[in-house]
Each structure stands twice: as C-alpha cells, then as structure tokens.
Amino acid sequence: MGDAIRRKIRDARDEMVEALYPIIGRTVIRAVSEAIRDLARAVDAQMRASLSPQTLWRRLKARIKGVPSAEVALREALPFQVNEVFLIHRETGLLLRHISCDPEASPDSDLISGMLTAIRDFAQDAFGRGQEGELNAIQYGERRIMIEAARHAYLAVVVDGIEPPGFRAEMRERIIDIEHAYEKTLRNYDGDPMPLAPAEASLRSLLTAGQPRALSPAQKCVMTGMLSLVVICLAMFCLSGRWVWQVMHRIPTPLPVAVEPTFTAIPPSTPTATLSPTPTVPPSPTPTLTPTPAATASATPTPVIGLMLGNVWIRTEPAAASPRLGLILEQGQSVEILAVFGDWCQVRWAPQAQVEVVGWVPVKWVGTIDPIPAQIITPMPGS
Amino acid sequence: MISIAKKVCLLGDLAVGKTSLVSRFVYNLFDDKYVSTIGVKVSRKTVIIPRAGDIVELTMMLWNLAGNEEFDRVRASYLRGAAGAVLVCDLTRPETLDSLQVYADDLLSINPNARLALAANKRDLTDQQRLTQEQEVEMHFRHLGQLLAA
C-alpha cells in the first residue's frame, strides 16, 4: 500500500497535488490566516501602546535610522522568548548552571549539556578541519539553541522566535564576564558547581532579555538629561518671573502716592502731606474718628517701628473692602506705625528716597518688639 | 554533603557491550538488542560515596563512545576532560582485549591523570567464550596494567 502510494506520487505528482489540495490547501490556508491574524493582533497591541516611553523612544530611533516606524512595530511584534539557559563547562561538557522559565523544566539538563557538548565537538571535527569557527546555533522546529562560547565555558540559550538585535552580543557579554570572574575555577574545574552559584543572577537577566523592559542606561541618560533641562528651564522661568515681578512692584507708581490717605502722622515736610484730599473712611462705621489719632501721633516724638510678618496689600482705609493702593508690603519690610484702628494699622514706609507711602494693613501682619503705645490706638466704639 | 560531577567515558570495540553496560548500570535494565550509537551517548549515574569523613554525591556523566572505526577521529574530542574511563572488552572475542591498550593510550595522552577501570563483558555466553580460562583474562589485564604503568 505504502509502496503503491509512493509510486503513484512519483509517477503522477500533479494529479496527486490536485487530489490532495482540497484537504491540505485548506489546512495550510487556515494555518496561515491564523498566523497572520496573530501578527495583526500583536501589531495592533504595539500601536495601541504608542504613547509609552518605550514606543516613543523606538520611534525616535526609527526616525534616526531612517526605518519606517511601521516596520519597527512589525519587528517588535515578532514573538521571542528565552526558555532555558545552560552554562556548560567546555572541556568536560558538565553542567555548571541551568536556569529555566518553566519551573517544571526537564530534570535532564545535565544530559542535555553533555549531548550538546558532544554535538559541538562532532561538528568541530566534521566541518571545522583547519578552520576557525564553531557551532553557534542549532535549530529544532520553532525552537533554537543559541551557543556562545568563551575559553573554558559556553552558554547555550534555548529560544523561541527571532531574537532581538543585540541579544547575541548580550550573551557574549555574559559569558565573557563569567569567564573573567571564575577563570581559575573553570580552568581547574573539579566537578563542584557551587563556586559558580553567584553567576546565576547574571544568567537570569538573559531570561528577561526578550521581554519589554525598562529603559536602557543610554535611554535613561537621555531621559534624565531632558528632564533636568526641563526642570532648569522651569526654575529659570520662575526666577526670572519673580525678579520681574519684584522689579515691577518695587518701583512706586504715582497712583498710590496720589490716592494715599494721609493723616496728621505725616510730617509737614514730607511731600505727601499736601496730597491728602479725603481723610474720611467711608465704609468704616466711625469715619469721623479716624482723624483723632492724628493729634496724638504728632505729639509722639519717637516713631513706633514694626516689621511686616507677611506680604500684605496696602489699603486706603482700615477696612478689607476698601480700595487697594496697588502696592504690597513685603515680609520683613520695616514700617513706621502711625495709628491703630480696630484690627487695622496705619503704616508708613519709604520705598525710595524722597518717597513715602502711607496706608492701612491688618494689624496681625505687623510685628513689634515693644507694645504699641496707647496714644496711637484709636478706641473703637463700645470698647 | 558535597555534590560533584565527573565525566567518565566508556571505551571499547564495536559491540563489546558498552551500551548494554550503561543500560544495566544506569537504568538497571538489560536489553539484549544491540543499540548502535551515533558516536556518543551521554547518560547519568549518581552514587553516594564516603570520602574523608564526609559523604559525596558523585554524579558520573557516562559518555558512551562508539567503537566503530568511523568515529575514531572524533573520539579524541569526546575524551577531553574525562576524569576516568571504563575499558570494556568482550570475552568471546580476544582481539577486543588487545584494542584496550590503544583506547587507554588515547585517553591518557589527552588526560594524563585519568583513572581507568577494566570490564570484561559477556561472561555469561559460556558456549561462545573463547577466553575460558580466568587466568588468561587475568594475564591480559595484568599485561595491560603493566603497559599503563610503564
């Protein structure tokens, strides 16, 4: 029966193809469709994550290299997984370390390492006569064993799919590091793998090599640099804004001087003394009382000095609803207290030479070392 | 307990019974079918042995090397790093004892410190046994030992 089929296939190949196509063709089409659908899903997932830092970085790299980002996304969508990592002594074929992503991996890893070594030796003898080079990969179905050797040991990594660029270089880096770190142990290997146990951490990183990972050191440097630049720019912007604001507010404008309410506390020699058109305080329930401290203020020879405890707007009247003078008394500014009316304090200070400003601020923002003399405090009605 | 692993080779002419010996030793089964190897087959056997007041778990990686002439060239590669070897001969074929010297020389030229053990196989095939006299076998082994010592 088998011979008859073989003979028939040999003699009438086209006929056989036509006969089998409805069965095999459909199966092949289904398999290919499924594979393409999987790929499309993977590409779609990549595109959906297009705002992640990794994707942005990838796009930037693609732009720099001149590769279309769609091709990069397609490449990223190809599956890749590291299943097992073997660290094998080159001369004896003895297994030094084995790491697997599957906790129930085959317990015969030492036999595999022996057979792998035998296969490498065989390939070297069979094909490498007088030539430099070694067996560096074995393909078995979808699975591949990638081999990277150093002088006394070699790494065999079992992978599925297509490895990302740089993966082999990473393998080489690992095996060279191990070779350098354990050169003496490997050269005189006595069969005890315990001294090589610390190398496991280094090998474990290969297991995650194909998965999306955190930014590389170079990427981190660039990101940190950009972030620092943004922070510096922001800080400079804030500082310059503050400086501009300070400059703008330190220059007294004619407006507050013109509208400042004056009381008799201002000495007659000051230029502002003549600019007092309205001594009354409209919103205050006792507007007519405000002039009264003037007489007492003028009687006190020593000025009462206070210190501003915060940045406070100066107002024309001793009331929160009264208009602002357009100036802010800054924290730490020394002022002369002219009068106290309720919760408000009339102060005077000179922002510049030959310029004095008089206005009202809440008394809670003015600190004094000595108690405020009673003669400048205007008693409130009912108090 | 200390765990160590060693590479041990099985050497001998074609069909002396190396593979069967490994099967018997490692898997505790005996298959009378001849299993041809493709040049080498690796098996594992773990034994517990006392050493210097401690217990050592010794894992022997048994490299069963084919005795076919076609693998003569590649055999040298397989011998690298072997801590020892079991030299196997067939009592029904005296010429297999003579070859052991060559195998021993090959191994010792690559690994001068390797330990050797001799195994005379197929003792049960009394009807075919051509080396019936134990003294004769012993003489061969002694002779081999002298050569190795020299």
| note | Scanning region A:164-196 for residues that are within 12 Å of another protein chain (Cβ to nearest Cβ), in a loop (DSSP other than H, G, I, E, B) and not aromatic (F, W, Y) gives A:N188, A:D190, A:G191, A:D192, A:P193
| request: Select from region B:1-23 the residues that are of a type in the set (S, T, Y) and within 12 Å of the chain's Cα centre (by Cα) and write down the one among them that is nearest to the other protein chains (Cβ to nearest Cβ). | output: B:T19
| message | Step by step: first the residues of region A:340-383, then only those that are farther than 27 Å from A:V247 by Cβ and touching an Asp or Glu at 6+ places or on another chain (Cβ under 9 Å), then the one that is surrounded by the most Cβ atoms within 10 Å (Cβ to Cβ). Which residue is that? | response | A:W344
| Considering residues of region A:98-129 that are under 26 Å from B:F71 (Cβ atoms) and assigned to a loop (DSSP other than H, G, I, E, B) only, the residue nearest to the other protein chains (Cβ to nearest Cβ) | A:D108
| task | Considering (1) touching a Pro at 6+ places or on another chain (Cβ under 9 Å); (2) open to solvent by 70 Å² or more (accessible area, probe 1.4 Å); (3) at the interface with chain B (Cβ under 10 Å from one of its Cβ atoms), say which one A:L95 fails and leave the rest. | result | (2)
| remark: Residues in region A:144-157 that are open to solvent by 10 Å² or more (accessible area, probe 1.4 Å) and either touching an Asp or Glu at 6+ places or on another chain (Cβ under 7 Å) or over 30 Å from A:K61 (Cα atoms) (or both) total 4
| Inside region B:73-111, can you point out the residues that are away from chain A (no Cβ under 14 Å), assigned to a loop (DSSP other than H, G, I, E, B) and not aliphatic (A, V, I, L, M)? | B:T92, B:R93, B:P94
| message | Looking only at strands (runs of 3 or more DSSP E) that lie completely in region A:306-366, which have at least 2 residues being more than 19 Å from A:M248 (Cα to Cα)? | response | A:334-341, A:344-352, A:355-362
| Residue list for region A:319-337, filter: open to solvent by 10 Å² or more (accessible area, probe 1.4 Å), more than 41 Å from the chain's Cα centre (by Cα), within 14 Å of A:V358 (Cα to Cα) and modelled with pLDDT of 85 or more | A:P323, A:R324, A:S334, A:E336
| message | For the list (1) open to solvent by 10 Å² or more (accessible area, probe 1.4 Å); (2) more than 14 Å from chain A (Cβ to nearest Cβ); (3) modelled with pLDDT under 85, I need the number of the one condition that B:I38 fails. | response | (2)
| note | Being of a type in the set (G, A, S), farther than 21 Å from A:T302 by Cβ and touching a Phe, Trp or Tyr at 6+ places or on another chain (Cβ under 9 Å) narrows A:S322, A:S334 down to just A:S322
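The values are calculated or read from the model by the stated rules, or taken from the named source; none is laboratory data. Predicted model only: the values in this text are computed from it and were never measured. Here the Cβ is made from the backbone with ideal geometry for all residues, glycine too, and neighbour counts use every protein chain on show. Surface areas here come from the heavy atoms of the whole protein model, side chains and all, with no ligands, DNA or RNA. Shrake-Rupley method; radii C 1.70, N 1.55, O 1.52, S 1.80 Å.
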